[in-house]
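The values are calculated or read from the model by the stated rules, or taken from the named source; none is laboratory data. Here the structure is a predicted model, which means the values were calculated and not measured. No Cβ is skipped: glycine too gets one built from the backbone with ideal geometry, and neighbour counts run over all protein chains shown. With ligands, DNA and RNA removed, areas are computed over all heavy atoms of the protein, side chains included. Shrake-Rupley method; radii C 1.70, N 1.55, O 1.52, S 1.80 Å.
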Amino acid sequence: MTQHATVTDCVTYRAGDGAPLVIPEGPVEVDLAPDSATLSWTADNGAAGLTAMPLTQFKDYVHDKKITLEK
């Protein structure tokens, strides 16, 4: 089930072995799986973004209040 959230601080992800990329601050949609979280967003230029990250990393961002889940 999709959850709505807001990125409020620096949140990054890695595309393969590349350098960390920043998810822009603002609204994101989150789909949780047993071992990962998939985040999707729309950048200021209208480009769609999508990434999956380990669930532990996602929970760390939520704990640190860099991602705020809507209730």
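How much net charge surrounds LEU50 when only other residues with a Cβ under 11 Å from its Cβ are counted (Lys, Arg +1; Asp, Glu -1)?
Neighbour charge sum, excluding LEU50 itself: -2.
Where Rh denotes the Kirkwood radius from the mean inverse Cα pair distance, what is Rg over Rh for the chain?
Here Rg/Rh amounts to 0.92.
May I ask which residue of VAL28, VAL62, GLY18 lies farthest towards the positive end of the charge dipole of the chain, with charges of +1 (Lys, Arg) and -1 (Asp, Glu) on Cβ and the Cα centre as origin?
Positive-end residue among those listed: VAL62.
Compute the signed sum of charges (Lys and Arg +1, Asp and Glu -1) over the other residues within less than 15 Å, Cβ to Cβ, of ASP60.
+1
Would you mind calculating the relative contact order of the range 1-70 from Cα pairs under 8 angstrom and at least 6 residues apart, reporting the percent as a whole number?
Contact order relative to length: 35 percent.
With a 1.4 Å probe and every protein chain kept in, tell me what percent of the accessible surface of the chain is carbon plus sulfur.
Ligands and nucleic acids excluded, carbon and sulfur give 54 percent.
Top mean-square fluctuation among PRO20, PRO34, PRO54, Gaussian network model of the chain, C-alpha springs under 10 Å?
PRO34
Taking springs between alpha-carbon atoms closer than 10 angstrom, which of ASP17, ASP31, ASP44 fluctuates most in the Gaussian network model of the chain?
ASP17
How large is the accessible surface per residue of the chain, computed with a 1.4 Å probe and reported in Å² as a whole number?
Solvent-accessible surface per residue comes out at 67 Å².
With the crude spin-label approximation of a point 7 Å out along Cα→Cβ, what separation in nm comes out for VAL22 versus HIS63?
About 2.5 nm separates the two model spin labels.
How far apart, in nm, are the 7 Å Cα→Cβ label points at MET1 and LEU55?
1.6 nm
How big is the dipole moment of the chain about its Cα centre under a simple scheme where the beta carbon of each Lys and Arg is +1, that of each Asp and Glu is -1, and everything else is neutral? Debye, nearest 20, please.
Computed about the Cα centre, the dipole is about 100 debye.
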